[in-house]
Amino acid sequence: MKKNILIVDDEENIRLALRYALMTDQVEVSEADGGANALELTGKSSFDLILLDLRMPQMDGLTFLSLLRARNNRIPVILISAYTTTDIALDAIKHGVIDFLAKPVTPPQIRDVVSEVLQRHCDSVSDEDSSRLNPFQLKMSQAKRMINHLDFENAKMSLVDAVKNENRQEANLLIAMLYEIEGDFVKAEEYYGSATTRRA
């Protein structure tokens, strides 16, 4: 079954590059030149994934996300930007966005991240995918899916369980951000510290 992907970017050449990177028999690509147009399209059609530029005139990516989630729309989103900061990442996670691409981005990078996100949101995980991922990777994938669906508490529990066996930077950073979002800055600082501590 074809996957429907929406590209939201005010620059036509960027939309064209993303479209060419994603064009296969399994993917249908739509485009929006800004947040208002994208909101209109998401109200009319169902998409499996959105590639979203952060900085756009009239309506930036985070404003679009806020309005999209206010409609109870849980479409997974990949945020594309050359200007991502910790504050932007935290705001994005509040809206269920956990996947980022830093400009400039190459076609293989685009395809890899898109494939990962679409696989994460499949209704079921195939035996092949289960065997390909180790237990830590499976927990990370599950936690990211929970974050996409704004289920922060269960995502945090899954991540905390994951780092008991493998103390990885990415998982610790996500846990820290989830604690920071809920206002527990002491626990957030603890996990930020774990993320920056080198392990032998």
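Remarks
- Against the conditions (1) in a helix (DSSP H, G or I); (2) under 19 Å from the mean Cα position of the chain (by Cα), L150 satisfies every one except (1).
- Selection within the range 161-171 - assigned to a helix (DSSP H, G or I), in contact with a Phe, Trp or Tyr (Cβ under 9 Å, 6 or more places away or on another chain) and surrounded by 14 or more Cβ atoms within 10 Å (Cβ to Cβ): A162, V163, A171
- Note on the range 66-97: residues that are modelled with pLDDT of 90 or more and touching an Asp or Glu at 6+ places or on another chain (Cβ under 8 Å) total 7.
- Filtered residues of the range 16-46 (kept if in contact (Cβ under 8 Å) with a residue 40 or more places away in the chain, under 16 Å from R69 (Cα atoms) and more than 19 Å from the chain's Cα centre (by Cα)): S45
- Per the listing N172, N148, the residue uniquely within 20 Å of I75 (Cα to Cα) and of a type outside the set (K, R) is N148.
- Of the numbered criteria (1) modelled with pLDDT under 95; (2) more than 29 Å from E180 (Cα to Cα), the one D60 fails is (2).
- Output for the range 172-200, where each listed residue is modelled with pLDDT of 90 or more, part of a helix (DSSP H, G or I) and not aliphatic (A, V, I, L, M): N172, Y179, E180, F185, K187, E189, E190, Y191, Y192, G193
- The range 48-71 - residue that is over 16 Å from E12 (Cα atoms) and touching a residue at least 60 places away in the same chain (Cβ under 8 Å) and, of those, surrounded by the most Cβ atoms within 10 Å (Cβ to Cβ): L49
- Scanning the range 87-106 for residues that are more than 13 Å from K144 (Cβ to Cβ) and surrounded by 13 or more Cβ atoms within 10 Å (Cβ to Cβ) turns up I88, A89, L90, D91, K94, H95, L101, K103, V105.
- Strands (runs of 3 or more DSSP E) within the range 1-97 that include 2 or more residues touching a Ser or Thr at 6+ places or on another chain (Cβ under 6 Å), closer than 23 Å to D112 by Cα and not assigned by TED's automatic domain parsing to the domain that holds I147: none
Table: residues versus (1) free of Cβ contacts under 8 Å to residues at least 60 places away in the same chain; (2) more than 22 Å from V29 (Cα to Cα).
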position	(1), (2)
L79	yes, no
T86	yes, yes
A102	yes, no
P108	yes, no
V117	no, no
P135	yes, yes
N148	no, no
V163	yes, yes
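- Complete set of residues in the range 172-182 that are buried (at least 18 other Cβ atoms within 10 Å of the Cβ) and either within 14 Å of I93 (Cβ to Cβ) or touching a residue at least 60 places away in the same chain (Cβ under 8 Å) (or both): L173, L174, I175, A176, M177, L178, Y179, E180
The values are calculated or read from the model by the stated rules, or taken from the named source; none is laboratory data. Given the structure is predicted, the values throughout are model-derived calculations rather than measurements. All Cβ positions, glycine included, derive from the backbone under ideal geometry; neighbour counts span all protein chains shown.
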